[in-house]
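Only one structure is covered here, and it is reproduced in the block below.
The values are calculated or read from the model by the stated rules, or taken from the named source; none is laboratory data. Predicted, not measured: the structure shown is a model, and the values here were computed from it. Don't worry about glycine lacking a Cβ; one is built from the backbone with ideal geometry, like all the others, and counts go over all protein chains shown. For accessibility, only protein heavy atoms count, side chains too; no ligands or nucleic acids. Shrake-Rupley method; radii C 1.70, N 1.55, O 1.52, S 1.80 Å.
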Amino acid sequence: MATVIAVTGMSACAGKGAEKVGTSPLSTAYAPPFICNYVPKAAVEQMTGVRDPLVTGSLNLAAKDRPAIGACSIFQNSGDKPSILRIMLDTAGSRGQIDEQLRDGSKQLPAIVPDGFGYYVKDTNMETRVGSVLVRGKVRLGIELVRGDKGRDNEADVVGLMKLIAPKLIMGTGTPPPDTKD
């Protein structure tokens, strides 16, 4: 009797059609539309599962009169709108910060930009929260995936996004695309 109840319970749960989650690697296409000037919207949608997210802030390349700096926050487009992804660009970086995080158990980022050093780490208390920091000289780029799409490899997504945007933001290549969307 207990077996019949267990099997019935399992089949009832199985009948609820699970929501499909894309498990393909994060897109490597650096293409418009962009959010916050330099972040491909398609990559953000893929890693968070949120279509047409709300966005605030901007990221700016270094110029003659100012360093590379900016902040970008991406939010759900419904409900209470908590932040799901944050990207920060500043000039407070140092190799020592990276080395300390690596000694504390963070994983080393692969080589992304010349003379760049970085790490990524998964929050052990939250299933989808992952952070990453890349430093080159004093320029520091940080990505915090607060809530990734459940079922995706959130660590791989954060590393993939870093590979996608760091060359533009840390190396200062290119100019904001003409069809930037904020």
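Enumerate the pairs (first residue in region 143-154 and of a type in the set (D, E); second residue anywhere and in a helix (DSSP H, G or I)) with beta-carbon separation below 7 Å, excluding pairs fewer than 6 apart on the same chain, so at least 6 apart or on different chains.
D149/M47; D149/T48
Cβ-Cβ distance below 7 Å, separation of 6 or more or different chains: which pairs start in region 35-49 with a residue that is free of Cβ contacts under 8 Å to residues at least 40 places away in the same chain and end on one that is among the basic types (K, R) and surrounded by fewer than 24 Cβ atoms within 10 Å (Cβ to Cβ)?
E45/R51
Within region 132-142, can you find the residues that are in a strand (DSSP E or B) and open to solvent by 20 Å² or more (accessible area, probe 1.4 Å)?
Of everything in region 132-142, those that are in a strand (DSSP E or B) and open to solvent by 20 Å² or more (accessible area, probe 1.4 Å) turn out to be V133, R136, V139, R140.
Tally time: how many residues in region 55-89 are among the charged types (D, E, K, R), at pLDDT below 95 and under 19 Å from E144 (Cβ atoms)?
The qualifying residues number 2.
Restrict the check to region 120-128 and report whether at least one residue is touching a helix residue (DSSP H, G or I) at 6+ places or on another chain (Cβ under 9 Å), modelled with pLDDT of 95 or more and closer than 21 Å to K41 by Cα.
Within region 120-128 (the criterion being touching a helix residue (DSSP H, G or I) at 6+ places or on another chain (Cβ under 9 Å), modelled with pLDDT of 95 or more and closer than 21 Å to K41 by Cα), the answer is no, since none of the residues qualifies.
Within region 143-156, identify whether any single residue is over 23 Å from S24 (Cβ atoms), surrounded by fewer than 17 Cβ atoms within 10 Å (Cβ to Cβ) and charged (D, E, K, R), and answer yes or no.
no
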